[in-house]
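Reviewing the structure listed below.
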Amino acid sequence: MSELLQEISAQLQAGKAPKVKELVQQAVEEGLSPQTILEEGLLAGMNIIGAKFKNNEVFVPEVLVAARAMNRGIEVLRPLLADAGVEEKGTVILGTVKGDLHDIGKNLVRMMMEGKGLKVVDLGVDVPASAFVDAAREHNARIVGCSALLASTMNEMKSVVEAVRSSDISDKVKIMVGGAPVTEAFAASIGADCYTADATSAAAAAVDFCA
């Protein structure tokens, strides 16, 4: 791996967004392929941050600044990746369920998923079940991801599962759920396809579903 790619990875892990953007631009000018820069520079760095986060070696603030740095690098690459015909791995619809206004966990999941090369359509917070279905249909998504932080809004996840299952896209979409009060048993009881305990695992599971 070139020193330049290692430097991109290192600066991303340090959360140095302007520097990452500058180095990605330099890598493009030096003739490295956008795919290589993405995978061996940006995603390599984000994967290290993801692993450290899972092991409690870094925390939410570090992940957020690293993700911001990654996004600055991706801004440079996006038009080039499109020209090169690089396919995004799949589309995920993400949102916090109706009645719940918490978004830190959801934002973290979004950044981890984007870090794995997935396209994420973030519907924000307080999202009604029908909106998840409409967005999944519109964007031809493979996954609907719902987050809840309040025990009182967990049942809204059941509404999302029912809305998806009774729609015309039922067989195309996997439903992932997560959030502090959510458990594996609860996810199974409402018929969700997947529960993960943290953002890193959620991103890995999403990639598997899209493969």
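The values are calculated or read from the model by the stated rules, or taken from the named source; none is laboratory data. In this text, all values refer to a predicted model and were calculated from it rather than measured experimentally. No Cβ is skipped: glycine too gets one built from the backbone with ideal geometry, and neighbour counts run over all protein chains shown. We work out accessible area using only protein heavy atoms, side chains counted, and drop any ligands, DNA or RNA first. Shrake-Rupley method; radii C 1.70, N 1.55, O 1.52, S 1.80 Å.
For the reader, a short list of remarks on this structure follows.
- Verdict on Ala204 being in contact with a Leu (Cβ under 6 Å, 6 or more places away or on another chain) and either outside any helix (DSSP H, G or I) or touching a residue at least 60 places away in the same chain (Cβ under 8 Å) (or both): no
- Condition check for Phe132: open to solvent by less than 10 Å² (accessible area, probe 1.4 Å), modelled with pLDDT of 95 or more, farther than 24 Å from Asn55 by Cβ and among the aromatic types (Phe, Trp, Tyr): yes
- Extreme residue, least open to solvent (accessible area, probe 1.4 Å), among residues of the range 41-54 that are more than 15 Å from Gly73 (Cα to Cα), aliphatic (A, V, I, L, M) and touching a Ser or Thr at 6+ places or on another chain (Cβ under 8 Å): Ala51
- Inspection of the range 183-197 finds no residue satisfying the criterion of being in contact with a Leu (Cβ under 8 Å, 6 or more places away or on another chain), of a type in the set (Val, Ile, Thr), assigned to a loop (DSSP other than H, G, I, E, B) and open to solvent by 40 Å² or more (accessible area, probe 1.4 Å).
- Just one residue in the set Leu77, Leu94 is in contact with a helix residue (DSSP H, G or I) (Cβ under 7 Å, 6 or more places away or on another chain), assigned to a helix (DSSP H, G or I) and open to solvent by less than 50 Å² (accessible area, probe 1.4 Å); that residue is Leu77.
- The set of residues in the range 113-129 that are open to solvent by less than 10 Å² (accessible area, probe 1.4 Å) and either out of contact with any Lys or Arg (no Cβ under 7 Å at 6 or more places or on another chain) or under 18 Å from Ser167 (Cα atoms) (or both) comprises Met113, Gly115, Val127.
- Single residue of Leu32, Leu23, Leu4, Leu38 found to be among the hydrophobic types (A, V, I, L, M, F, W, C), surrounded by 15 or more Cβ atoms within 10 Å (Cβ to Cβ), touching a Ser or Thr at 6+ places or on another chain (Cβ under 8 Å) and on the phi < 0 side of the Ramachandran plot: Leu32
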